[in-house]
Amino acid sequence: MSEELEQYNFDFHHETAEIVRDGSEELKIKIGEFAGPLDLLLFLIKQEQANIFDIPIAKITQKYLEYIQIMKKLDIAVAADFLVMAATLIEIKSRMLLPRDPKAVEEEEFEDPRQELVDRLLEYEKFKSAAGMLYERTTIEQAIFTRGEIAREEISLADMIKTLKARILELGEVNLFEFFEGMRSKHELVTAFIAVLEIVRTETVRLLQKTTFGDIILRKV
Amino acid sequence: MEMEEEVQAIERTLRSPAELMTIVEALVFVADEPVTSRVLADVLEEDRGAIEAAMEELAKEYEAREGGLQIRVIAGGWQIATRTELHEEVRKFLKTRPSAKLSLASLETLAVIAYKQPVTVPEILEIRGVQSATSIKTLLDKRLIVAKGRKEAVGRPMMYGTSKDFLIQFGLRDLTELPSIEDFEDLVQ
């Protein structure tokens, strides 16, 4: 299965990746997150300061393969899509080495083997830029608050435990039905329930229920 | 009975523009989500044009006052929100941290869906050059995208499009507010 990795933290304004050779000539790598093989290719083209309309395919292919080798060495799962691109690059490279059909050149039918890849890169880069625009928008939106959002702002489990502990300490006991009724959302209710379980597990409290289906009381021992 | 109705009708039309402004302000303030002029018009049994005029006037007032709040049009509805510049103080008060941002892969997938909708998974793969199943799941979980039915093509793949929540979370009036995808071409090289 080829799935992109989701767990990396990503900063749009940071260099996504870097291959550095230190003094001892040992190859070191700063792994960034590449959204896919096209992203890696664009990075390598930029790094080589190459013209996207005249990609030095041999050089870029070599760099691309080097990169994949490093990823493998570092035991990073190389998505199948990256390997598909490696095969595409090698194919283009070999087609570039073939002598051109003189007839085709004359009739201007000759198509650059790189053309399809260039088109894909240009198309992809537009969406990469659009993703950057969306990123900028979320940054702005995170600075704006509305009442709806505040109401939806959920209390954390740690805070819920703190609140419940404070209530037990203050009152000696808490009626859980009343406690749960104060919750504003399903999510908060679940958090409250887990908080109760956690407190029963970690603190010296006791759960009491005098009658079947009766009120449940959380009491300090 | 008929007369009573008539009286009520007269009463309704008696709301002055200034009165209407105070009422719509209160309603937009208490709303959980952006409220459309149509909803306000229905509730208040007023003309949609009158509601829009009142909201626009109110927005101007907010603008002129340069207070802590602003009126915005999001997902086709009106919204009262805090001003961007105040984010530090508001966040400190609410004790919240900015929510986790989407990964690069998810943002890219979202961009493709936003601009190409309704779009299928194979079509997204074609543009991104990488499988996007994880990202699509993330975007569905966050309700930023929704399934838009199946495409009449081989395998009848599911089509996806952006949701109302997408407009709300990205602060967009509607999809046309997104810059044209061709505008990004200038940035290339």
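The values are calculated or read from the model by the stated rules, or taken from the named source; none is laboratory data. Because the structure is a prediction, the values reported are computed rather than measured. No Cβ is skipped: glycine too gets one built from the backbone with ideal geometry, and neighbour counts run over all protein chains shown.
Structural remarks
- A:I76 being in a helix (DSSP H, G or I) and either away from chain B (no Cβ under 14 Å) or modelled with pLDDT under 70 (or both): no
- B:A100 fulfils the conditions (1) surrounded by 15 or more Cβ atoms within 10 Å (Cβ to Cβ); (2) closer than 30 Å to A:G36 by Cα except for a single criterion, (1).
- Residue that is nearest to A:Q142 (Cα to Cα), among those in the range B:135-158 that are touching a helix residue (DSSP H, G or I) at 6+ places or on another chain (Cβ under 9 Å) and among the aliphatic types (A, V, I, L, M): B:L144
- All positions within the range B:34-68 that are surrounded by fewer than 16 Cβ atoms within 10 Å (Cβ to Cβ) and either in contact with a His (Cβ under 7 Å, 6 or more places away or on another chain) or closer than 16 Å to A:R147 by Cβ (or both): B:G67, B:G68
- Test: residue in the range A:15-25 that is modelled with pLDDT of 50 or more, loosely packed, with under 13 Cβ neighbours inside 10 Å and more than 16 Å from the chain's Cα centre (by Cα): no
- Looking at A:L169, A:L207, just one residue is over 20 Å from A:S156 (Cβ atoms) and aliphatic (A, V, I, L, M), and that residue is A:L207.
- Candidate set from the range A:144-181 (those that are buried (at least 18 other Cβ atoms within 10 Å of the Cβ) and at the interface with chain B (Cβ under 8 Å from one of its Cβ atoms)); member that is farthest from the chain's Cα centre (by Cα): A:T146
- Failed item in (1) touching a Lys or Arg at 6+ places or on another chain (Cβ under 9 Å); (2) more than 9 Å from chain A (Cβ to nearest Cβ), with B:P122 passing the rest: (1)
- Residue check for B:K60: more than 28 Å from A:D119 (Cα to Cα) and either in a strand (DSSP E or B) or more than 10 Å from chain A (Cβ to nearest Cβ) (or both): yes
- Which numbered condition B:R143 fails, given (1) modelled with pLDDT of 90 or more; (2) surrounded by 13 or more Cβ atoms within 10 Å (Cβ to Cβ); (3) on the phi > 0 side of the Ramachandran plot: (1)
- Subset of the range A:173-202 [without any contact (Cβ under 8 Å) to a residue 12 or more places away in the chain, hydrophobic (A, V, I, L, M, F, W, C) and more than 18 Å from A:R219 (Cβ to Cβ)]: A:M183, A:L189, A:V190
- Output for the range B:36-66, where each listed residue is of a type in the set (A, V, I, L, M) and within 20 Å of B:D174 (Cβ to Cβ): B:V39, B:L40, B:A41, B:I51, B:M55, B:A59
- For B:V130: the one exception among (1) facing chain A (nearest Cβ under 7 Å); (2) over 19 Å from A:D81 (Cβ atoms); (3) touching a Pro at 6+ places or on another chain (Cβ under 9 Å): (2)
- B:A105 being outside any loop (DSSP other than H, G, I, E, B), in contact (Cβ under 8 Å) with a residue 24 or more places away in the chain and out of contact with any Asp or Glu (no Cβ under 7 Å at 6 or more places or on another chain): no
- Flag if A:F127 is surrounded by 18 or more Cβ atoms within 10 Å (Cβ to Cβ), at the interface with chain B (Cβ under 10 Å from one of its Cβ atoms), farther than 30 Å from B:A31 by Cα and at pLDDT 85 or above: yes
- Residue, nearest to the chain's Cα centre (by Cα), within the range B:70-89, restricted to residues that are at the interface with chain A (Cβ under 8 Å from one of its Cβ atoms) and of a type in the set (V, I, T): B:I80
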